[in-house]
1. Kindly indicate whether Ile170 is open to solvent by less than 50 Å² (accessible area, probe 1.4 Å), over 16 Å from the mean Cα position of the chain (by Cα), in contact (Cβ under 8 Å) with a residue 60 or more places away in the chain and closer than 30 Å to Tyr185 by Cα.
2. Out of everything in segment 71-88 that is part of a strand (DSSP E or B) and in contact with a Phe, Trp or Tyr (Cβ under 7 Å, 6 or more places away or on another chain), what residue ends up being modelled with the lowest pLDDT?
3. Being over 19 Å from Ile158 (Cα atoms), open to solvent by 20 Å² or more (accessible area, probe 1.4 Å) and out of contact with any strand residue (DSSP E or B) (no Cβ under 9 Å at 6 or more places or on another chain) narrows it down to one residue among Pro120, Pro95; which is it?
4. Cβ contacts < 8 Å: first residue modelled with pLDDT under 90, restricted to segment 26-49; second residue open to solvent by 90 Å² or more (accessible area, probe 1.4 Å) and of a type in the set (Ser, Thr, Tyr), any location; separation 6+ or different chain. Result?
5. Considering every residue within segment 42-53, establish whether at least one is more than 22 Å from Asn262 (Cβ to Cβ) and over 17 Å from the mean Cα position of the chain (by Cα).
6. So which of Val101, Val151 is β-branched (Val, Ile, Thr) and farther than 21 Å from Lys219 by Cβ?
7. Taking segment 124-165, which residues are among the hydrophobic types (A, V, I, L, M, F, W, C), open to solvent by 10 Å² or more (accessible area, probe 1.4 Å) and in contact with a helix residue (DSSP H, G or I) (Cβ under 6 Å, 6 or more places away or on another chain)?
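The values are calculated or read from the model by the stated rules, or taken from the named source; none is laboratory data. On a predicted model such as this, the values are computed, not experimentally measured, just so you know. Cβ atoms come from the backbone with ideal geometry, glycine included; neighbour counts cover every protein chain shown. Protein only, heavy atoms only, side chains kept; ligands, DNA and RNA dropped before computing areas. Shrake-Rupley method; radii C 1.70, N 1.55, O 1.52, S 1.80 Å.
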Amino acid sequence: MHNRLIIFSISLLILTKWSSARPNSNHYDVTKRHFDKNNDFDYLIFRQIWPASSCMFPGQHTCSIAKNITTWVVHGLWPSIKTEIGPQYCNKSLPFDFDRVKWLLPELLEFWPNLYTNTPLESFWKHEWEKHGTCALTLSQIKSESDYFNVSLNLRNIYDFGPALKKFNIEPDDSLLYDLDKIKYSIRSYFKVEPMIVCYVLKESDVQYLSQMQICLSKSFELVDCEFKAVELAKIATDNSAQEIQCQPGIPIHYPTIKYSNKLFKKHHIQI
């Protein structure tokens, strides 16, 4: 508990520093905007992606991992009510504006990349801002699009899953399999909070692939245990396509190494 409080105190200090350091040109004040009470939420889900697994199971997408990507990357920071992700799309009058986050582009490309090269480069960020970020604007540390991405990126620096797993000898390896309980234990021991672990699972397979992990934060950015509903293996699609669900107990977990490629992105709509 003492370590958890230290992490929380440092986190608040750093978040305050980031907020005050953001460029004024990227900031627009939304403190006086009206927010419907139905957009209220209980806590924040902070989810990260293991890019190697995403590109193993890209679905209808083409997937590419740039050489500057070496670790867990941000999926999103999601205001949520208990047991559900949401509210969503809280303010349609604030569409994504790349100019407001252009100053963060190097970090976005490395730690919050769009891996799907058949989509516009900025489409992932646009989706996360409009669906989730607009719902976080009631938080004291997030008053703009710029704040949302800046705070989220720096939360990834604080809560980096890679070192947490490595401390317990869990590292990407194409020849090893890991136990779900050991992965949970590593995150729980490192951050002193209960995580949720997501895998790609195939109905007829005897292995699952580590895909995403999440921890949860209070509105004041204090670590809290996530509340979620279990998804049973029986609910996986009957066509045996890979499904991203909570990792299933009793099935070994593959933590694959990153494979790099240089596929070009679909023409994007931003000026870099």
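1. On the way: open to solvent by less than 50 Å² (accessible area, probe 1.4 Å): yes; over 16 Å from the mean Cα position of the chain (by Cα): yes; in contact (Cβ under 8 Å) with a residue 60 or more places away in the chain: yes; closer than 30 Å to Tyr185 by Cα: yes.
Spelling it out, Ile170 is indeed open to solvent by less than 50 Å² (accessible area, probe 1.4 Å), over 16 Å from the mean Cα position of the chain (by Cα), in contact (Cβ under 8 Å) with a residue 60 or more places away in the chain and closer than 30 Å to Tyr185 by Cα.
2. At the first step, the residues of segment 71-88 found to be part of a strand (DSSP E or B) are 73-81, 84-86.
Adding the requirement that they be in contact with a Phe, Trp or Tyr (Cβ under 7 Å, 6 or more places away or on another chain) leaves 73-74, 77, 79-81, 85.
Details: Val73: 98, Val74: 98, Leu77: 97, Pro79: 95, Ser80: 91, Ile81: 87, Ile85: 79.
Per the criteria, the residue is Ile85.
3. Values: Pro120 fails: out of contact with any strand residue (DSSP E or B) (no Cβ under 9 Å at 6 or more places or on another chain).
None of the others qualify; the one that does is Pro95.
4. Correct list of pairs: empty, since none qualify.
5. Of the residues in segment 42-53, the ones more than 22 Å from Asn262 (Cβ to Cβ) are 42-48.
After this cut, where a residue has to be over 17 Å from the mean Cα position of the chain (by Cα) as well, the list is 42.
Yes, segment 42-53 contains at least one residue that is more than 22 Å from Asn262 (Cβ to Cβ) and over 17 Å from the mean Cα position of the chain (by Cα).
6. On the way: Val151 fails: farther than 21 Å from Lys219 by Cβ.
So the residue among Val101, Val151 that is β-branched (Val, Ile, Thr) and farther than 21 Å from Lys219 by Cβ is Val101.
7. Selection gives Ile158 alone.
Listed here are the residues, each with its yes/no results for (1) touching a Cys at 6+ places or on another chain (Cβ under 6 Å); (2) of a type in the set (D, E, K, R); (3) over 30 Å from Lys259 (Cα atoms).
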{"site": "Cys90", "(1), (2), (3)": "yes, no, yes"}
{"site": "Phe98", "(1), (2), (3)": "no, no, no"}
{"site": "Asp160", "(1), (2), (3)": "no, yes, no"}
{"site": "Asp181", "(1), (2), (3)": "no, yes, no"}
